[in-house]
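For reference, the structure discussed in these notes is given below.
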Amino acid sequence: MKKIIYIFAIMLLLMIVSITSCGQKPALEDEQQSIGQEQAEDTSNILRIAIKANPPKLDPIHATDNSSARVIYQMFETLVDYDTDGNLPPLLAESWEISDDKMTYIFNLRKGVHFHKTIEGGQPTENGGREVKADDWIWTLNNIIDPNTNSERAYYLNLVKGY
């Protein structure tokens, strides 16, 4: 008799579980699912890049680690690029000239290149949206080599004779 009651209790429990699992989902789950779908739609234009560590710095003048470089290369462009064959295709420079003695480089900047429009502390940045000029490149190089900036990249500019 105990065996029949035990089997009956198990069958009753299985029926209750089956009936409750066939019911409608609560409205809260539907709402959460639709919110999740909306979020997925809102983030469809986000570029995700896998890196091994969080970048400690995103200032290209100070960043020297690989994690920072991976992010910085997605945010900023240089005068020239380099390809897998070792060629230097133009980026922000349309063309360039090198003097015969290899001591002077003249870069002709691409027109219509503007700084990012960014907000810092709730206010637009000073250069946000302004067209990039040769003076901006000169300022950057001078800022790198300035001892007060304490940039590790100054080492490379110190190798340039006459800078």
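The values are calculated or read from the model by the stated rules, or taken from the named source; none is laboratory data. All values derive from a computational prediction rather than experimental measurement. Every residue, glycine as well, gets a Cβ built from its backbone with ideal geometry; the counts of neighbours run over all protein chains shown.
Take the stretch 115-163 and flag every residue that is surrounded by 11 or more Cβ atoms within 10 Å (Cβ to Cβ), charged (D, E, K, R) and part of a helix (DSSP H, G or I).
Asp136
How about the stretch 79-113: which of its residues are of a type outside the set (S, T, N, Q) and outside any loop (DSSP other than H, G, I, E, B)?
Step one: of the stretch 79-113, the residues of a type outside the set (S, T, N, Q) are 79-83, 85-86, 88-94, 96-98, 100-103, 105-107, 109-113.
Within the stretch 79-113, Val80, Pro90, Ala93, Glu94, Trp96, Glu97, Ile98, Tyr105, Ile106, Phe107, Leu109 meet the criteria.
Identify, please: which residue in the stretch 91-114 is within 18 Å of Leu159 (Cα to Cα) and surrounded by fewer than 10 Cβ atoms within 10 Å (Cβ to Cβ) and is, among those, modelled with the lowest pLDDT?
First, pick out the residues of the stretch 91-114 that are within 18 Å of Leu159 (Cα to Cα): 98, 101-105.
From what's left, surrounded by fewer than 10 Cβ atoms within 10 Å (Cβ to Cβ): 101-102.
Working: Asp101: 93, Lys102: 89.
Applying the filter and picking the extreme gives Lys102.
What's the total number of residues in the stretch 50-105 that are in the same structural domain as Asn148 (by TED's automatic domain parsing) and basic (Lys, Arg)?
2
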